[in-house]
Each structure stands twice: as C-alpha cells, then as structure tokens.
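One structure is given here, and the rest of the page talks about it.
The values are calculated or read from the model by the stated rules, or taken from the named source; none is laboratory data. Every value quoted in this text rests on a predicted model; they were computed, and no experiment measured them. Glycine also receives a Cβ, built like all others from the backbone with ideal geometry; neighbour counts cover every protein chain displayed.
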Amino acid sequence: MREHGRVSDEQRGVVFPTDEEGRRSTAAVGRAVVADALRPVDPVGARSAEQETAWRSAYVTHFRRALEAGLDSRADALAVADAGLTSLHARMRVVRADGEESALGEWAQQGPPLATTTIVGAGTAESELSLPYHGDRLRGDDLRRRVDTWVADGVVEPTVAEAVELVVSNPDWLRLEGRTVAVLGAGAEMGPLPSLLRWGARVAAVDLAVPAIWERVLGLAHDGAGTVLVPHPEDGPESSLAGRAGVDLIADIPSVADWLAGHDGLVVGNYVYADGATNVRVSMAVDELSSRLLAGRGDVALAFLATPTDVFAVPGEAVAHSTRSYDARSARSKMLGRPLRALSGGRLLHRSYVRGADPGVNDSMVAQQGPNYALAKRLQRWRAAVARDNGATVSMNVAPPTRTRSVLKNRALAAAYAGAHRFGVEVFEPATSNVLMAALLVHDLHTGGGPRHEHPWQDEAYAAVHGGLWRTPYAPRSALGLAALLGYGSARG
C-alpha cells in the first residue's frame with residue numbers, strides 16, 4: 001500500500017518475499033526455511049517440511065525435527081543453524097520508503113545519522129544482587145536458599161545456582177564496567193533495562209518512537225544510577241525528548257548500526273517482541289544488525305532470552321528427575337490418568353521422556369503461539385550457536401514462563417499458566433524474571449559467555465530457568481489442556 005508515492009509504515013523495511021501470486025506468505029517462508037535448515041543433515045526431514053500442506057497447525061513437528069537433526073554431532077547442529085540463517089537472509093527482503101525492494105545485504109542508510117542525548121541517572125547504584133520474590137527482596141543467603149529450593153524442586157537447572165553464586169560473590173560485576181549494553185526493545189517487560197540502571201550500567205536504549213514507551217524509559221533513566229544513550233532523529237531540547245526519541249528497527253537498521261558501531265565493549269541485547277508476522281520481521285532486522293556489527297569488529301557480544309516454550313535437548317539428570325516424579329505420582333493421579341490417556345488416544349498426561357535418555361528432548365512448544373513466533377525464537381538460537389562457534393561472547397539463557405502482558409492477553413495461555421503449578425511448573429512474576437535473567441546476563445559477560453561445551457545444546461541447557469517444564473512428570477503439551485481447564489477460573493479472575 002502506498003501513501004502519496006511512499007510506502008506505508010506497515011510495508012516498509014524488512015518484509016517477507018512475495019510468492020508467485022504477489023502475496024507475502026509467512027507460511028511459505030517458514031516452511032522453506034525449516035526445510036533449508038534440515039537439508040544438510042536430514043534430507044528426508046527437509047522434504048517433509050517443504051511438502052507440509054498444513055503448516056500453521058503441523059509446524060511443531062518440523063521445528064522439533066530441526067532440533068533433533070542436529071543432536072548427533074556439533075557439526076550437524078551448526079550446519080542446521082547456519083543453513084537456517086542463510087536461508088532467512090537470502091529470502092527476506094527490504095522495502096525502502098520510496099517503494100524500491102532489495103536484498104537485506106544491499107540495505108543502505110537513507111536518512112541523516114541518528115543524534116544522541118545522554119542521560120546520567122541521579123540514583124545510587126545498588127552494591128549487591130537482590131531478587132524480588134513474592135513481596136520480599138532476597139539478598140545473600142536468603143537469595144542462595146531460594147535458588148537452592150528452585151533447584152531441588154526442578155524449577156531451574158542446577159547450573160543456575162553456580163552462575164548466581166558467582167554474581168552474588170562479585171557484586172562489582174553488576175556495573176558492567178567497560179560495556180555498553182544496547183537494549184533492543186528497551187521498554188520490553190522481560191528486558192534488563194530496570195536492573196541494569198539500578199546497578200549503574202551504561203545502556204544504549206532502542207525502541208519504537210512511541211512517547212508512552214519513552215516516558216517510562218526516560219523515567220527509569222533519570223531515577224536510576226546508570227547512563228542511558230537515547231537515539232533520536234535530530235537535536236533539540238530534552239523537554240521534548242519523549243516525543244521524538246526512538247527508531248523503528250524494522251525500517252532503519254543501517255542507521256542503528258552506524259549509531260552503535262562506535263561504542264566500546266558493545267553488547268547487542270535482543271529483547272524485541274511483536275505479534276504475528278511482525279515478530280519475524282523485527283527479529284530478522286535485529287539479526288541483520290547483529291551480523292553487520294559482528295562483521296565490523298571483534299569485540300561485539302550478543303545477548304538473547306530463549307523462550308521456555310520451545311524444543312530443547314536436556315541433560316540426562318533432567319530426564320531422571322522427570323522419571324522419578326512420574327514414578328512417584330500419587331495413587332489418585334495414576335487412577336485419573338489412565339482413563340484420560342485412554343479417552344484422548346494417549347495424548348493426555350503421558351511421560352516426558354524415554355527412561356534413561358541422555359540427552360532427552362523436551363517439547364514444550366505451545367501450538368497456539370504460532371509458527372511465526374517459533375521461527376523468530378529459533379532464529380535467535382541459530383544466531384547464538386553460530387556466533388559462539390565463531391568466537392563471540394554470547395549470553396543465551398532460557399527464561400522462565402512469566403506472567404507478562406503479552407502472555408496474559410492470550411486467554412488459553414493465561415489459563416494454562418494459572419493452572420501450571422498443579423503439574424510442577426512455576427510461573428514467575430515479571431519483576432523476578434527481569435532481575436534473575438539480568439543477573440545471568442552479567443554472569444555471562446564476565447565469564448566469556450559461560451562455560452564452553454562440546455555441543456550447542458549443552459550451551460543452551462546451561463543455567464536454564466525453565467520453570468520446571470524440563471523436569472515435570474508429564475510431557476508439557478500433554479498437560480497443557482488440563483492446566484488451562486484447572487486454571488481458567490483463576491485466569492478469568
């Protein structure tokens with residue numbers, strides 16, 4: 001759609017390619033990208049994906065196969081990731097404001113460079129890690145005990161305790177001296193901005209030019225103890241900053257890349273989110289930005305939050321924990337489970353893993369979130385694996401299921417979260433998730449991305465805060481419907 005010779009904002013910047021009928025089909029791209037990712041190591045799986053006629057309902061099977069196909073070796077996992085990234089970058093397109101369309105790699109800056117306003121917060125930096133939890137603020141031994149309880153209950157992987165202990169024991173790490181963290185999606189509910197500013201870090205805040213977003217971000221900047229760099233089109237009085245701050249990542253990656261390129265110790269933190277197809281577009285824009293910055297210098301670090309509602313390989317210890325929990329379920333649970341499994345054709349309340357699997361495969365994908373969400377999040381995991389293999393510092397941590405606004409507006413998912421505790425899953429409050437995941441980011445940036453493992457799945461499993469989805473007695477999707485049924489009243493309230 002054009003407006004007075006220009007392209008509307010909805011069709012500008014990163015877009016899906018057109019098909020033979022002139023449509024920008026998200027399903028066609030998702031199907032083709034997963035097929036391309038599988039092709040180097042699993043040609044049968046690739047053929048199955050590219051011939052899938054019910055992509056919007058059957059995509060879960062193919063995304064699982066894209067994980068399983070890489071489990072035999074590190075080389076296979078990296079081949080899948082590299083092929084998936086290559087396919088996305090070759091397929092996605094850019095539409096300029098004048099309507100001209102080109103490949104991502106040909107995207108050049110069109111407007112003037114971004115200006116910067118620097119805000120130094122008036123607050124005092126916190127000198128120790130503290131975690132908000134159920135109305136309390138946990139520090140020191142109280143914080144350690146909370147993490148140990150999560151480990152014992154199977155809510156987090158044991159390596160979370162190792163990582164948190166290092167941060168608790170090194171409070172000077174919190175300031176991230178010598179780093180500039182580009183928080184892409186500065187207003188995101190799961191982003192680290194509030195924590196980083198309490199700790200006194202230096203942040204380059206990037207988000208859409210929406211005054212309501214910037215009023216909140218600027219309020220955090222003034223009240224915090226850190227330094228915030230705010231991008232905007234031109235210089236002007238700070239009193240109007242909320243009205244002109246921000247940039248659209250989908251439409252102007254070249255300008256953002258130039259704006260960030262000069263910062264020392266740069267960390268590109270991807271916390272963007274949007275609904276539907278826009279989520280793929282903005283995630284692809286961030287990946288193009290990351291690729292350009294990584295190519296231009298050797299000290300760029302990347303940071304991501306992996307969704308817990310995906311498919312992961314998990315350690316044998318998690319499989320054993322889940323198996324013990326399944327074997328120890330109550331007589332009442334066993335009695336109720338048998339008819340439910342029979343009536344559902346085995347779909348309800350079945351065990352998560354084959355006994356003794358190492359690694360096991362945890363499939364926590366929620367079909368209602370859709371194939372675009374799955375592709376956007378898998379893109380990030382692929383980039384993390386490839387960048388880490390190329391020597392970059394990467395912070396990629398599995399974040400817990402959290403009661404964010406984006407989750408709660410999905411009625412089915414909100415109900416499932418409300419009933420999840422009945423199946424051994426803890427759903428976190430945003431304040432707790434925010435601080436805990438920011439602390440893991442701090443750990444990773446001070447340890448070169450954490451321990452290096454033989455296989456990319458082990459890097460993903462390190463310090464995973466999955467909320468119990470990896471260690472619950474039942475395969476998560478086999479309990480999701482019942483959790484939603486049991487939680488519907490609470491979610492409605």
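Glu157 meets the conditions (1) out of contact with any Leu (no Cβ under 9 Å at 6 or more places or on another chain); (2) modelled with pLDDT under 95 in every case but one. The failed one is (2).
Sort out for me the strands (runs of 3 or more DSSP E) sitting completely within the range 75-123 that have 2 or more residues that are within 29 Å of Arg388 (Cβ to Cβ) and not aromatic (Phe, Trp, Tyr). Break it down stepwise before answering.
On the way: elements: 93-95, 101-103, 115-120.
Qualifying strands (runs of 3 or more DSSP E): 93-95.
With respect to the conditions (1) over 22 Å from the mean Cα position of the chain (by Cα); (2) in a helix (DSSP H, G or I), Thr18 falls short on a single one, namely (2). You will find that of Arg47, Arg24, the residue that is touching a strand residue (DSSP E or B) at 6+ places or on another chain (Cβ under 8 Å) and of a type in the set (Lys, Arg) is Arg24 and no other.
Among the residues that make up the range 295-302, is at least one of them more than 20 Å from the chain's Cα centre (by Cα) and of a type in the set (A, V, I, L, M, F, W, C)? Yes, the range 295-302 has at least one match. Restricting Ala83, Ala35, Ala28, Ala103 to those that are within 25 Å of Leu289 (Cα to Cα) and exposed (fewer than 15 other Cβ atoms within 10 Å of the Cβ) reduces the list to Ala103.
Put simply, of Asp299, Asp287, Asp275 the only residue that is among the acidic types (Asp, Glu) and buried (at least 21 other Cβ atoms within 10 Å of the Cβ) is Asp287. Does at least one position in the range 242-264 carry a residue that is under 19 Å from Asp444 (Cβ atoms) and touching a Ser or Thr at 6+ places or on another chain (Cβ under 7 Å)? Scanning the range 242-264 turns up at least one residue that is under 19 Å from Asp444 (Cβ atoms) and touching a Ser or Thr at 6+ places or on another chain (Cβ under 7 Å). In the set (1) assigned to a loop (DSSP other than H, G, I, E, B); (2) in contact with a Pro (Cβ under 9 Å, 6 or more places away or on another chain); (3) of a type in the set (S, T, N, Q), the condition left unmet by Thr472 is number (2). Looking at the range 458-470, is at least one residue buried (at least 22 other Cβ atoms within 10 Å of the Cβ), modelled with pLDDT under 95 and in contact with a strand residue (DSSP E or B) (Cβ under 7 Å, 6 or more places away or on another chain)? Scanning the range 458-470, I find no residue that is buried (at least 22 other Cβ atoms within 10 Å of the Cβ), modelled with pLDDT under 95 and in contact with a strand residue (DSSP E or B) (Cβ under 7 Å, 6 or more places away or on another chain), so the answer is no. Close Cβ contacts (under 9 Å, 6 or more residues apart or on different chains) running from residues in the range 129-156 that are at positive phi to residues that are of a type in the set (Gly, Ala, Ser) and in a helix (DSSP H, G or I) comprise Gly154/Ala318; Gly154/Ser322; Gly154/Ser325. Screening Val267 with (1) β-branched (Val, Ile, Thr); (2) surrounded by fewer than 21 Cβ atoms within 10 Å (Cβ to Cβ); (3) in contact with a helix residue (DSSP H, G or I) (Cβ under 8 Å, 6 or more places away or on another chain) gives one miss only, at (2).
Conditions (1) under 19 Å from Asp82 (Cα atoms); (2) assigned by TED's automatic domain parsing to the domain that holds Asp444; (3) at pLDDT 95 or above; (4) part of a strand (DSSP E or B), marked per residue:
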| position | (1), (2), (3), (4) |
| --- | --- |
| His263 | no, no, no, no |
| Val267 | no, no, yes, yes |
| Ala274 | no, no, no, no |
| Val280 | yes, no, yes, no |
| Ser291 | yes, yes, yes, no |
| Ala303 | yes, yes, yes, yes |
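Screening Ile253 against (1) touching a residue at least 40 places away in the same chain (Cβ under 8 Å); (2) touching a Pro at 6+ places or on another chain (Cβ under 7 Å) leaves a single unmet condition, (2).
Could you list, in sequence order, all residues of the range 441-469 that are assigned to a loop (DSSP other than H, G, I, E, B), under 17 Å from the mean Cα position of the chain (by Cα) and farther than 22 Å from Asn390 by Cβ?
Step one: list which residues in the range 441-469 are assigned to a loop (DSSP other than H, G, I, E, B), which gives 447-455, 462-469.
When the remaining residues are screened for being under 17 Å from the mean Cα position of the chain (by Cα), the result is 449, 462-467, 469.
Matches in the range 441-469: Ala464, Val465, His466, Gly467, Leu469.
The C-beta contact set for the range 463-490 (first residue more than 30 Å from Leu166 (Cβ to Cβ) and touching a residue at least 24 places away in the same chain (Cβ under 8 Å), second residue basic (Lys, Arg) and assigned to a loop (DSSP other than H, G, I, E, B), distance under 9 angstrom, 6+ apart or interchain) comprises Pro473/Arg329; Tyr474/Arg329; Arg477/Arg347; Ser478/Arg347; Gly481/Arg347.
Let's see how each residue does on (1) crowded, with 20+ Cβ neighbours inside 10 Å; (2) touching a strand residue (DSSP E or B) at 6+ places or on another chain (Cβ under 9 Å); (3) within 19 Å of Leu249 (Cβ to Cβ):
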{"position": "Asp172", "(1), (2), (3)": "no, no, no"}
{"position": "Val183", "(1), (2), (3)": "yes, yes, yes"}
{"position": "Glu189", "(1), (2), (3)": "no, yes, yes"}
{"position": "Ser195", "(1), (2), (3)": "yes, no, no"}
{"position": "Arg202", "(1), (2), (3)": "yes, yes, no"}
{"position": "Val217", "(1), (2), (3)": "yes, yes, yes"}
{"position": "Ala221", "(1), (2), (3)": "yes, yes, no"}
{"position": "Pro231", "(1), (2), (3)": "yes, yes, yes"}
